[in-house]
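The values are calculated or read from the model by the stated rules, or taken from the named source; none is laboratory data. All figures in this text were calculated on a predicted structure; none of them were measured in a lab. Neighbour counts run over all protein chains shown; Cβ positions are idealised from the backbone, glycine included. Areas reflect the complete protein model, heavy atoms only, side chains present, ligands, DNA and RNA absent. Shrake-Rupley method; radii C 1.70, N 1.55, O 1.52, S 1.80 Å.
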Amino acid sequence: MRHRFDFDTLREIGDSLFRNKRRTLLTGFGIFWGLFMLLFLIGGGQGLKQMLSKNFEGFATNTMVMVSANTSMPYKGMKEGRYWSLTQRDVERLKALVPEFDVVAPIVSNWGQTAYYKGNTASPSIKGIAGDYHKVEAPIIKYGRMISDADVEQERKVCVVGKRIYNDLFPQGGDPCGEYIQVGSVFLQVIGVDYSTGNISINGSSADALLVPFSVVAKLYQRGDKVDLICVTGKPGVKMSQMEDKIRSIMSREHIFDPTDEQALLLLNTEQIFSIVDNLFRGVNFLIWLVGIGTLLAGAVGVSNIMMVTVRERTVEIGIRRAIGAVPRDILSQIIWESVTLTLAAGSAGIVFSVLILNVVEAIAKHQAVFQISFWTAILAALLLSVLGVLAGLAPALRAMKVKPVDAMRDE
Amino acid sequence: MLIELKGVHKTYDNGQPLHVLKGIDLEIEKGEFVSIMGASGSGKSTLLNILGILDNYDEGEYHLAGKLIKNLSERESATYRNQMIGFVFQSFNLIGFKTAVENVELPLFYQGVNRHRRHEAAMAYLEKMGLTGWASHYPNEMSGGQKQRVAIARALITHPEIILADEPTGALDSKTSVEVMELLTRLNREDGVTIIVVTHESGVANCADKIVHIKDGLIERIEDNRQHHSSMFGTDTIMK
Ligand SMILES: Nc1ncnc2c1ncn2[C@@H]1O[C@H](COP(=O)(O)OP(=O)(O)OP(=O)(O)O)[C@@H](O)[C@H]1O
Ligand SMILES: [Mg+2]
């Protein structure tokens, strides 16, 4: 007795599958479509997530922004509704007292200014920043450089222009570094151009910003040592949400408000935003797998069903095979191999087709994100298919095994 | 003694039991040419299926080449069928999506004979049947007589000691019936193959040396036909 898998076995399988091309095609289509759906959804979901993540690009993921506001509780003899403000001393204090922080960067802003350069105008939001602000929001420097610590210390009248401001003021393009633009009554020398376009940014879109050393802004607009916001980023591994109590206790002690007064000090934590997006996509992924696996399973059940019918139709044929020397195991392995071959062939077509379609989608999306599934996803899908093929073939194969040689005689 | 049946009973039980074979005693020597005759429903096919280990029996004993055929495993019975017995059926029972030569090769495929040798052997037997030109044709492209000769080639390819044929001429006209019976007779005379043919037709039965008459599940009589005078239509004709 033979029990090898060889070319002849393959031919036996091929003969049986090709005998009824239309049925084989229809059966295979279920698997093909199931696998295509699964992989296409996986690729699509991944690409969409990347596209959405683009919005957060350049923005440190564990950032917290502090803003002062009126108190909402009476405290130590002081009435509620009192206004207080963050100061530059708070920046120094936080740097000294909270070793978990990587960057503590103040921002002093001014809106409603108009900038002029050789007859061109633009309406920037002026953002006074410190030399380490680039660690909070990474710029994409097109020309020149970013604001440095030295710029801040020496109160240099320099600026870095955002993309849209640059386009408005310098419509002819080219490197504007060294040129002077007029903002209100002062002239600021351009030292860089920032091309970043992330939509999540502090105090307005970075394309509309005019970045200036905060010491210059404070002096120009008579802010004293008051700052509008303080941005802090945590060192790697630090969870910003767990730092909130510490910040509140430091600031409330200094500015005398109730440490439990959450309205007096607004703390915006990017971790929360990211976790919302993450959760959203976890949900989307779950749906993708549910739908994809569901479709695939339906395909496998289809294969199983049709093979079941096929086996019944082939009773005489199987009986003949048994009469001329096939043992039940020959029949079993033949049916299972047929099922596996069918699912694998149809599934591979599904893999190839989804890869092609995802390529097209990626091209349509102008290659802004990776929609293509990974090699290992494809391998995993193929493995899953083989398992499905065996399972789908199992019930029909067991039925085929029950065919007795006499059944060949009881024809039609 | 090649085949030895003692008190073989067979009852089909599909809802209500049907006692088909009611104690068959039969002995067949190696090299004999036997035909089995009887009315429709008398149990001829049932007996032949038991002889071919295609079906089992309920009572009695069946010895094939000295071996008691009872409660064999699927594997054992498959091996006996594959190596000792060749089958020829009324409806040919070729596999429709395989060509003539592939059909003939199939028993060797299940023996594990390699492709090349299988093909050669199959071609040799087709040639013996005068079907060389039909090797790559599918059954539905062939006449009944050709199909039956393909089936005989398939039965012969494993060099069986016994050929069991259930109404091999049942679907053939008289001319091809004669051809097929001549073929079987030659196999018996020249190669010493034991041949057992179930038939309704006296002309077919007349080719055999021994005619077993079955009636109601019992052997009515065994006719010695070595003179081949059984058919009233003469020795060499098969009247339809
Ligand atoms: N698998 C089966 N299940 C139930 N009854 C069966 C089965 N096979 C045959 N029979 C019955 O057993 C009886 C004998 O059948 P068998 O096929 O042996 O007759 P036969 O002599 O070959 O008849 P025919 O000349 O018509 O072929 C018949 O009544 C038939 O209906
Ligand atoms: Mg019959």
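Structural remarks
- The requirement of being within 14 Å of another protein chain (Cβ to nearest Cβ), within 25 Å of residue A:24 (Cβ to Cβ) and surrounded by 12 or more Cβ atoms within 10 Å (Cβ to Cβ) is satisfied by residue A:403.
- Region B:164-175 residues that are within 16 Å of ligand 1 (Cβ to nearest atom), paired with ones that are of a type in the set (Asp, Glu) and open to solvent by less than 50 Å² (accessible area, probe 1.4 Å) (beta carbon under 9 Å, 6 or more apart): B:167/B:201; B:169/B:201; B:170/B:201
- Count - residues of region A:324-354 that are within 32 Å of the chain's Cα centre (by Cα), open to solvent by 50 Å² or more (accessible area, probe 1.4 Å) and over 15 Å from residue A:14 (Cα atoms): 3
- Verdict on residue A:295 being in contact with a Lys or Arg (Cβ under 8 Å, 6 or more places away or on another chain), polar (S, T, N, Q) and open to solvent by less than 40 Å² (accessible area, probe 1.4 Å): no
- Residue check for residue B:18: within 16 Å of ligand 2 (Cβ to nearest atom) and not polar (S, T, N, Q): yes
- Evaluating residue A:366 against the criteria (1) outside any helix (DSSP H, G or I); (2) buried (at least 17 other Cβ atoms within 10 Å of the Cβ) leaves one unmet condition, (2).
- Residue B:103 at pLDDT 90 or above and at the interface with another protein chain (Cβ under 8 Å from one of its Cβ atoms): no
- Yes/no for residue B:92 being under 20 Å from the mean Cα position of the chain (by Cα) and either small (Gly, Ala, Ser) or outside any helix (DSSP H, G or I) (or both): yes
- Take the conditions (1) more than 13 Å from ligand 2 (Cβ to nearest atom); (2) in contact with an Asp or Glu (Cβ under 7 Å, 6 or more places away or on another chain); residue B:59 misses just one of them, which is (2).
- Extreme residue, most open to solvent (accessible area, probe 1.4 Å), among residues of region A:48-63 that are of a type in the set (Ser, Thr, Tyr) and at pLDDT below 80: A:61
- Every listed requirement among (1) farther than 29 Å from residue B:227 by Cα; (2) loosely packed, with under 15 Cβ neighbours inside 10 Å is met by residue B:40 save one, (1).
- Residue B:16 in contact with a Pro (Cβ under 9 Å, 6 or more places away or on another chain) and within 11 Å of ligand 1 (Cβ to nearest atom): no
- Criterion (of a type in the set (Lys, Arg), open to solvent by 80 Å² or more (accessible area, probe 1.4 Å), within 14 Å of chain A (Cβ to nearest Cβ) and more than 16 Å from ligand 2 (Cβ to nearest atom)) met by exactly one of B:115, B:221, B:226, B:154: B:115
- Filtered residues of region B:21-58 (kept if among the charged types (D, E, K, R) and either part of a loop (DSSP other than H, G, I, E, B) or away from ligand 1 (no atom under 16 Å from the Cβ) (or both)): B:25, B:27, B:29, B:30, B:32, B:55, B:58
- Count - residues of region B:21-44 that are within 16 Å of ligand 2 (Cβ to nearest atom) and under 12 Å from residue B:217 (Cβ atoms): 8
- Figure legend. Inter-residue proximity from region B:84-96: first residues at the interface with chain A (Cβ under 8 Å from one of its Cβ atoms) and within 15 Å of ligand 1 (Cβ to nearest atom), second residues in a loop (DSSP other than H, G, I, E, B) and open to solvent by 10 Å² or more (accessible area, probe 1.4 Å), beta-carbon distance below 6 Å, spacing 6+ or different chains. Indicated pairs: B:91/A:411.
- Verdict on residue A:126 being in a loop (DSSP other than H, G, I, E, B) and within 21 Å of residue A:229 (Cβ to Cβ): no
- For region A:299-316, the set of residues classified as within 11 Å of chain B (Cβ to nearest Cβ) and open to solvent by less than 20 Å² (accessible area, probe 1.4 Å) consists of A:314 only.
- For region A:137-244, the helices (runs of 4 or more DSSP H) that sit wholly inside it and include 3 or more residues that are open to solvent by 60 Å² or more (accessible area, probe 1.4 Å) are A:163-169.
- Which numbered condition residue B:136 fails, given (1) within 12 Å of chain A (Cβ to nearest Cβ); (2) assigned to a loop (DSSP other than H, G, I, E, B): (1)
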